[in-house]
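K.L.:
Below are the structure tokens for one structure; questions will follow.
Values quoted throughout were computed directly from the atomic coordinates according to the rules given, and no laboratory measurement underlies them. Please read all numbers here as calculations on a predicted model, not as lab measurements. With ideal geometry, Cβ positions are generated from the backbone for all residues, glycine too; neighbour counts draw on all protein chains shown.
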Amino acid sequence: MAPKRLEIGHPKSPPICGVAGCQGCSWIFSGLDEKSQHELCRMMRSVEYGADEAIFHEGTPAFGFFIICSGKAKLIKHGPGGKRHILKIVGPGELLGEENLFDGGTHTASARTIEPTRARFIKREDFLDFLKRHPMVALQLAEKVARELQGFQAKLIETAYESCRARLARLLLALAEKYGTVNGEIQARISRMDLAEMAGISTETAIRTLGEFEEKGLISLRRRKIAIIDPKGLEELATPLPVETIENLL
Amino acid sequence: MTKGAELVQWLGGLDPEASKAILRKAHQKVFPAETLLYAQGDRVSGIYIVLEGIVKEFASLEGCLRYLRLSGPGDLLGIGEIFSQEPQTLSASTVHQSRLVYLEQAAFQQICMKHPSVPLWMMRQLSARLWELRMALVETVYVESATRLVHRLAAVGERFGEQRSQGTLIDLKLSREEWAALVGIAPETVSRVLHDLERRGWVALEGRKIWLLIDLAQKVA
């Protein structure tokens, strides 16, 4: 049922810092030897946030980046008139704020938790030094950012030419692919407002379109959870984005 | 200016050894106007650095054309694909006669492994491109068509316009359909907005040439 092109092509790296319950760290750290893993570990600082808490704000100095250990967070860009667009959602073993390591050190978007989140923070200067000594990690990070870039290109093209219905259908399929389903129910609690802000449509349109999908028997709505009843029907409304992203759900 | 001197100018920020390594491996090529450099779906064979001229990058989706970017001196083409090792996600063709430097993929990879400052320098370019795309995405979603066209005219004028006594000349020979593809709006909207801007005295139209007669960026700030 899932859109094939969104399958994650790179397995996570084995756990690095030994945090309890860790299912693996970001793919960019794959291939590091034990000594380098320890070196990386020594740079990390633990941080914890409650649900719906700010991690960083757009326009503020970026002192480093985060590796999410548990929970989920969203990266938000503010548009004109205070409107918000969710650029991506990150979960365990994924990076947050890494793109600002290289561009002058200011956050170009805001990050907020969706649920209680534990993370490791690494300072910018420490990590840039580490990258200079580990070109393979630098290349893997570049590949991750490059694929994200291609994902945003595809979203931009889609946004200009595709209907709200197609965008929402694709987002539901991508969420199912990313977080899995049990009896069709997507295993993530995403509010209607967050769905709208990810698809780039108004909350009213998202609610109306979800209602339409339910009437057509494509999905069923259960409070904050959504179950996909007819994945083929949703796929007919929207083909997957022609890009294979690593880690993040765009 | 020699190829070396020009490249060094665009490779600013790289350590001198890494710059020299790129210079040794890079080939310079001149392409006439409207030459296709690569097409969407092509296998990636290397990266280009624009030294002179303008290159348009575009994609088509189910028959619709979208121009993603106009690149000029100092810009890199194909950097996303060289790292992701996916086929080209965009097509690229020259607008005017353009001079580019080409670096083959194998040489690029060797240089990256030997000089870690190169992938870090490229990451700056990737991050900047990512930022541009995110801005464009938010603008496409939330900003109305006319304002987006005015923003794009102002940005293109600032980057590629020629300063003349009567104003800034944009002479990229882009049709109304191409401007529409660049902004992500209908060609009819481009024509309507351009004529409206002309009536206000903000622009003057001369075939495919567009004169910016005032500071458009300030008008829509």
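K.L.:
Give the total of Lys-Lys pairs in the range B:3-140 with Cα-Cα distances below 23 Å; include a pair only if its members are 8 or more places apart or on different chains.
P.N.:
Lysine pairs satisfying the spacing and distance rule in the range B:3-140 number 9.
K.L.:
Students often get this wrong: which residues of the range A:123-150 have the backbone nitrogen under 19 Å from the point 7 angstrom along Cα-to-C-beta of A:Thr106?
P.N.:
A:124-125
K.L.:
Give me the percent relative contact order of the range B:101-213, please, defined on Cα pairs under 8 angstrom at least 6 residues apart.
P.N.:
Working: 83 pairs, mean separation 23.1, N = 113.
The normalised contact order for the range B:101-213 reaches 20 percent.
K.L.:
Follow-up question, since we're still on this one. Could you run the Karplus curve 6.51 cos²θ - 1.76 cosθ + 1.60 with θ = phi - 60° over the range B:171-186 and give me ³J(HN,Hα) per residue in whole Hz, x for Gly and Pro?
P.N.:
Going residue by residue, I get 10, 9, 6, 8, 6, 4, 5, 6, 4, 4, 5, 6, 9, x, 9, 7 Hz, with x marking Gly and Pro.
K.L.:
Now for a different question. Using only atoms on other chains, find how many Cβ atoms lie within 10 Å of each Cβ of peptide A:129-138 and report the average.
P.N.:
On the way: counts 0, 0, 5, 5, 1, 1, 9, 4, 2, 9.
Across A:129-138, the average partner-chain Cβ count within 10 Å equals 4.
K.L.:
Now, a different point. Going by alpha carbons, how many degrees (0 to 90, nearest 10) lie between the helix axis of A:124-133 and the longest principal axis of chain A?
P.N.:
So the inclination is approximately 70 degrees.
K.L.:
How far apart, in nm, are two points set 7 Å out from the Cα along the Cα-to-Cβ line at B:Val220 and at B:Gln166?
P.N.:
Reported label-point gap for B:Val220 and B:Gln166 is 2.3 nm.
K.L.:
Can you give the Rg to Rh ratio for chain B, taking only C-alpha atoms and Rh from Kirkwood? Working shown, then result.
P.N.:
Numbers: Rg = 18.5 Å, Rh = 18.7 Å.
Reported Rg/Rh (Cα atoms, Kirkwood Rh): 0.99.
K.L.:
Compute the relative contact order of the range A:180-239 as a whole-number percentage, counting only Cα pairs closer than 8 Å that sit 6 or more residues apart in sequence.
P.N.:
Relative contact order, the range A:180-239: 34 percent.
K.L.:
Determine the shielding of peptide B:86-98 by partner chains: average, over its residues, the number of Cβ atoms on other chains within 10 angstrom of each Cβ.
P.N.:
Values: counts 7, 1, 1, 10, 3, 0, 0, 0, 0, 0, 0, 0, 0.
Rounded to a whole number, the mean comes out at 2.
K.L.:
Using only Cα atoms, find the angle between the long axis of helix A:34-43 and the longest principal axis of chain A, and express it within 0 to 90 degrees, rounded to the nearest 10.
P.N.:
In chain A, helix A:34-43 runs at an angle near 80 degrees to the longest axis.
K.L.:
If you average the alpha carbon positions of the range B:159-221 and of the range A:102-155, how far apart do those two centres end up, in angstrom?
P.N.:
37
K.L.:
Now for a separate question. How many Cβ atoms of partner chains, on average, are near each residue of B:140-149 if near means within 10 Å of its Cβ? Before the final figure, lay out each step's value.
P.N.:
On the way: counts 9, 14, 10, 4, 1, 0, 0, 1, 0, 0.
Averaged over the peptide's residues, the number is 4.
K.L.:
Here is a follow-up. Using only Cα atoms, find the angle between the long axis of helix B:16-25 and the longest principal axis of chain B, and express it within 0 to 90 degrees, rounded to the nearest 10.
P.N.:
Helix B:16-25 sits roughly 90 degrees off the main axis of chain B.
K.L.:
Within straight cross-link reach of A:Lys72, meaning Cα distance under 24 Å, which lysines are found once same-chain residues fewer than 8 apart are removed?
P.N.:
By straight Cα distance, A:Lys72 reaches A:Lys4, A:Lys12, A:Lys83, A:Lys88, A:Lys123, A:Lys144, A:Lys155, A:Lys178, A:Lys225.
K.L.:
Let me ask something else. Rounded to the nearest 500, what is the 222 nm mean residue ellipticity of chain A from helices alone, with -39500 (n - 2.57) per DSSP H run of 4+ residues and division by all residues?
P.N.:
Here the helix-only value at 222 nm equals -11500 deg cm²/dmol.
K.L.:
Shifting gears a bit: Non-local amide H neighbours of A:Thr108 (under 5 Å, H modeled in plane, Pro and chain starts lacking H): which ones?
P.N.:
Residues meeting the criterion, in which the H sits 1.01 Å from N, are A:Gly59.
K.L.:
A further question on this structure: Rounded to whole Hz and in sequence order, give me ³J(HN,Hα) for the range B:146-155 from the Karplus expression 6.51 cos²θ - 1.76 cosθ + 1.60, θ = phi - 60°, writing x for Gly and Pro.
P.N.:
3J(HN,Hα) across the range B:146-155, in whole Hz: 4, 5, 5, 5, 5, 4, 5, 4, 5, 5.
K.L.:
While we're on this one: Do the sum for chain B: with -39,500 (n - 2.57) for every DSSP H run of n ≥ 4, divided by all residues, what is the mean residue ellipticity at 222 nm, to the nearest 500 deg cm²/dmol? It would help to have the intermediate numbers written out before the result.
P.N.:
On the way: 9 runs with 102 residues, N = 221.
Helix-only estimate at 222 nm: -14000 deg cm²/dmol.
K.L.:
In addition: Quick check for me: using +1 on Lys/Arg Cβ and -1 on Asp/Glu Cβ, what's the dipole size of the protein assembly as shown about its Cα centre, in debye to the nearest 20? List each step's numbers first, then the result.
P.N.:
Numbers: 61 positive and 58 negative charges, 67 e Å.
It comes to approximately 320 debye.
K.L.:
Shifting gears a bit: Enumerate the amide H contacts of A:Ser26 below 5 Å, restricted to partners 5 or more residues apart or on another chain; note that Pro and chain-start residues carry no placed amide H.
P.N.:
A:Ser13
K.L.:
So who's got an amide H within less than 5 Å of the one on A:Phe56, skipping anything under 5 residues away but keeping other chains? H placed 1.01 Å off N, in plane.
P.N.:
A:Ala111
K.L.:
Could you go through the range A:166-176 in sequence order and give the Karplus-derived ³J(HN,Hα) for each residue, using 6.51 cos²θ - 1.76 cosθ + 1.60 with θ = phi - 60°, rounded to whole Hz, and x for Gly and Pro?
P.N.:
5, 5, 5, 4, 5, 4, 4, 5, 5, 5, 5
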